[in-house]
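S.K.: Let me give you the structure first, and then I'll get to my questions.
The values are calculated or read from the model by the stated rules, or taken from the named source; none is laboratory data. As the structure is a prediction and not an experimental result, all values here were calculated from the model. Please note: Cβ atoms are built from the backbone with ideal geometry, for glycine as well, and neighbour counts cover all protein chains shown. Note: areas computed on protein heavy atoms with side chains; ligands, DNA, RNA excluded. Shrake-Rupley method; radii C 1.70, N 1.55, O 1.52, S 1.80 Å.
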Amino acid sequence: MLKHIACISTFLLGFSLLSVSCGSAKDVDSNLPKDISERPVNESSQRYEQAQLDQLKASIESEAAKEKCTNASEWAFAPMGAKACGGPQLYIAYPKKMEAEILSRIDDYTEKVKAFNQKYGVISDCMMINPPTAIKCISGKAELINP
């Protein structure tokens, strides 16, 4: 009889553990991060995408700034980014020897900003940013001269 009770107790204990472990597997799945394409458009995804854009912009600016400016004629500038109502957000100076590589990255950034603005209905100040008139080398850095 004691042997029979021990057997039933062991069975119930095993069954309890099995049902608890099966239930917790479902909970683990619900805590895993979802694929980014499945995330809803909300403020946190907007902040996430803005942070990615900021990182891309900083990367481009850093790449251009690596080169020491000693002769302004070896530098050029390009519009970068996009305001919601049109026109660039800024102009960036870059060394001409990096032109092919950096211009494609600038264009990529600008297209991503346009898509971001449209996706989130971004509003901007609509002030026109005039292109610089020249580039000067000041303390080894390319500086844009604005009108």
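S.K.: Within segment 101-140, take every residue that is small (G, A, S) and at pLDDT below 95 and give me the one that is farthest from A76 (Cα to Cα). So that I can check it myself, show each step before the final result.
M.R.: At the first step, the residues of segment 101-140 found to be small (G, A, S) are 104, 115, 121, 124, 134, 139-140.
Checking which are at pLDDT below 95 leaves us with 121, 124.
Details: G121: 32, S124: 27 Å.
Per the criteria, the residue is G121.
S.K.: Filter segment 131-142 down to residues that are closer than 26 Å to A84 by Cα and under 27 Å from the mean Cα position of the chain (by Cα), then give me how many there are.
M.R.: Of the residues in segment 131-142, 1 are closer than 26 Å to A84 by Cα and under 27 Å from the mean Cα position of the chain (by Cα).
S.K.: If the requirement is being under 19 Å from the mean Cα position of the chain (by Cα), surrounded by fewer than 16 Cβ atoms within 10 Å (Cβ to Cβ), among the aromatic types (F, W, Y) and over 22 Å from I138 (Cβ atoms), which of these qualifies: Y109, Y48? Full working, then the answer.
M.R.: On the way: Y109 fails: surrounded by fewer than 16 Cβ atoms within 10 Å (Cβ to Cβ).
None of the other options fit; the residue is Y48.
S.K.: Another question about this same structure. Can you name the residue in segment 65-91 that is touching a helix residue (DSSP H, G or I) at 6+ places or on another chain (Cβ under 6 Å) and closer than 19 Å to A134 by Cβ and is also most open to solvent (accessible area, probe 1.4 Å) among such residues?
M.R.: To start, the set of residues in segment 65-91 that are touching a helix residue (DSSP H, G or I) at 6+ places or on another chain (Cβ under 6 Å) comprises 74, 76, 78, 80-82, 84.
From what is left, the residues that are closer than 19 Å to A134 by Cβ are 74, 76, 78, 80.
Details: E74: 99, A76: 19, A78: 8, M80: 0 Å².
Within segment 65-91, the match that is most open to solvent (accessible area, probe 1.4 Å) is E74.
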